[in-house]
Each structure stands twice: as C-alpha cells, then as structure tokens.
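The values are calculated or read from the model by the stated rules, or taken from the named source; none is laboratory data. Just so it is clear, the structure is predicted and the values come from calculations on it, not from any experiment. Using ideal geometry, Cβ is built from the backbone for each residue, glycine included, and neighbour counts are taken over all protein chains shown. Side chains included, ligands, DNA and RNA excluded: accessible areas come from the protein's heavy atoms. Shrake-Rupley method; radii C 1.70, N 1.55, O 1.52, S 1.80 Å.
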Amino acid sequence: MIIAFASLKGGAGKSTLSIHLAHAIALAGKRVLLVDADPQGSVSSWAAARDTPSPFPVIGLSRNTIHRDLPELMVNYDHCVIDTPPRVSALARSAILAADLVLIPVQPSSYDVWAAGETVELVKEAQSFKAEIKAAFVINRRIGNSAIGKEIDSALADYALPVLKTAIAQRVIFSESSAGYSVMELTPSSTAATEVKNLSKEVLKLMEVKKW
Ligand SMILES: Nc1ncnc2c1ncn2[C@@H]1O[C@H](COP(=O)(O)OP(=O)(O)O)[C@@H](O)[C@H]1O
Ligand SMILES: [Mg+2]
C-alpha cells in the first residue's frame, strides 16, 4: 500500500507524520519505504541528522513521475509512505496519483479547516484519473479537549471525507523528533508513541475496507 501525506498548508505535520507512520509500520514488522517527495527535504534531513541508520530506508524522489516510478521501487516493500510538498505542482499531483491512500493532516484551527479545501480539490482531481484513491483527514496537534478540538470533526464533515479516529496531540516530543529520531525511539512508552502506533494500526486496517 502507498500512503501519501498531503496538505497545501506548510506546517500541517506532513513530514512529522510521514516519518512516524513509516516507523510504526516498520515496528509492526512490515517492510516500509519512506519517500521524500518534497524538494525542501525535511525527511531526508531527518534521516541525515541521525548517528545510527534509519530504522527504514528513506529515498529522495522529487520528480514528476513518482506515480510511474514507484511501482518498480516498491517490489521489495510491503508499504510506502510519501511526504509531499506544500504547493500545487506537478510533483504534488504525481505523489497523490501514486497513492492508494491520501492522508490530509489538519490542525484544529479554523484556518486549517478552510485551507483543507484546496488540498481536497487536488485529491479529487487525482481521483478523476484514478477513482480508487482513498482519502481521509488526520487531526494533528490536537490540544487537550478544547472546544475547537471537538468542533473540528463537524467542520471537516463538509468536505465529505472521513476523519481518522486516531488524532495526534500537540506534544513537545514531536518537535524534538525533528532532530533525527522518532518519538518511539526517544520515549518508547509515551502516549505520543502509543498514538502513532494506533495511527498505523488504523491506517493498515483501512486498506481492508472495500466500500469507502
Ligand atoms: N503533533 C505535534 N506536536 C508538536 N509539534 C509538532 C507536531 N506535529 C508537527 N510538529 C512540529 O510542527 C512543525 C511543522 O511540522 P512538519 O511535519 O514539518 O509540517 P509540514 O511537513 O506539513 O510542513 C515542525 O517543527 C514539527 O516538529
Ligand atoms: Mg514538510
């Protein structure tokens, strides 16, 4: 399965969630490839900042032919996670077109909910070429039980895409993870690590869903 994190909003959590989902899938014993399709190279920098090898392979692939090239690169892997750039571009389109599942991270703020519309449009455009692409929102940086946290599900409902049950909370450990280690490495028994593992379980289960 190929999962792409997409959002035209910078800072939504694409790179952070790509790294963490890939690591959780690797910890579940699956062979996973993380593809950095953002010319900014956050995921590649993450891997390069480590003193030890990354627990899963990371490759940079910022070209407009990902949807054509990936199947061949995938032969030795069960799953692939793609981090995509925050711009409408041939590259973003190609990465989305490559995916079986597009996850759109949104922060619980009205700005993010409004901005999500553009990303949804990009996904719909890709679905007009490849109808079987699934898409869902994933809430990132949820803050406690704030009212906006609760309201976001109903605000997102207007887009007619499912919202994953697992939300990722706003936690300092996620910002610390940008220095080259996942939260599962930094704090293996933390709630943050549990959230990420729950996210991967939910995502892998989604692929069994026939009717979307
Ligand atoms: N759940 C979270 N809690 C705290 N900080 C987060 C969380 N998710 C992302 N961040 C931080 O927010 C910033 C933007 O995240 P990033 O993954 O780079 O977004 P994007 O790739 O969509 O631009 C980074 O500094 C990252 O460490
Ligand atoms: Mg990024």
Once normalised by the length of region 74-159, the mean sequence separation of its alpha carbon contacts under 8 Å that are 6 or more apart gives a contact order in percent of 32 percent
With +1 at each Lys and Arg Cβ and -1 at each Asp and Glu Cβ, the charge dipole magnitude of the chain around its Cα centre, to the nearest 20 debye, comes out at 280 debye
The number of Lys pairs in the chain whose alpha carbons lie under 16 Å apart, excluding pairs fewer than 8 residues apart on one chain, is 15
Counting only residues 5 or more apart in sequence or on a different chain, those whose built amide H sits under 5 Å from that of residue 142 are 168, 169, 170
Averaged per residue, the 1.4 Å probe accessible area of the chain, protein heavy atoms only, in Å², is roughly 46 Å²
Taking a crude spin-label model, label points 7 Å out from Cα along the C-beta direction, the residue 52 to residue 110 distance in nm is 4.6 nm
Most packed first (mean Cβ within 10 Å per residue), the peptides 171-177, 100-106, 46-52 order as 100-106, 171-177, 46-52
Rounded to the nearest Å, the spacing of the alpha-carbon centers of region 125-188 and region 21-44 is 16 Å
Relative contact order as a percentage, the chain, C-alpha pairs under 8 Å and 6+ apart, gives 24 percent
The Cα radius of gyration of the chain, divided by 2.2 N^0.38 Å with N its residue count, comes to 0.94
Highest mean packing first, using Cβ neighbours within 10 angstrom, the peptides 22-33, 159-170 sort as 22-33, 159-170
Against the 2.2 N^0.38 Å rule of thumb, the C-alpha Rg of region 1-127 sits at a ratio of 1.00
Rounded to a whole %, the carbon-and-sulfur portion of the accessible area of the chain at a 1.4 Å probe is 54 percent
Residues of region 5-25 with backbone N under 15 Å of the label point set 7 Å from the Cα of residue 170 along Cα→Cβ are 11-13
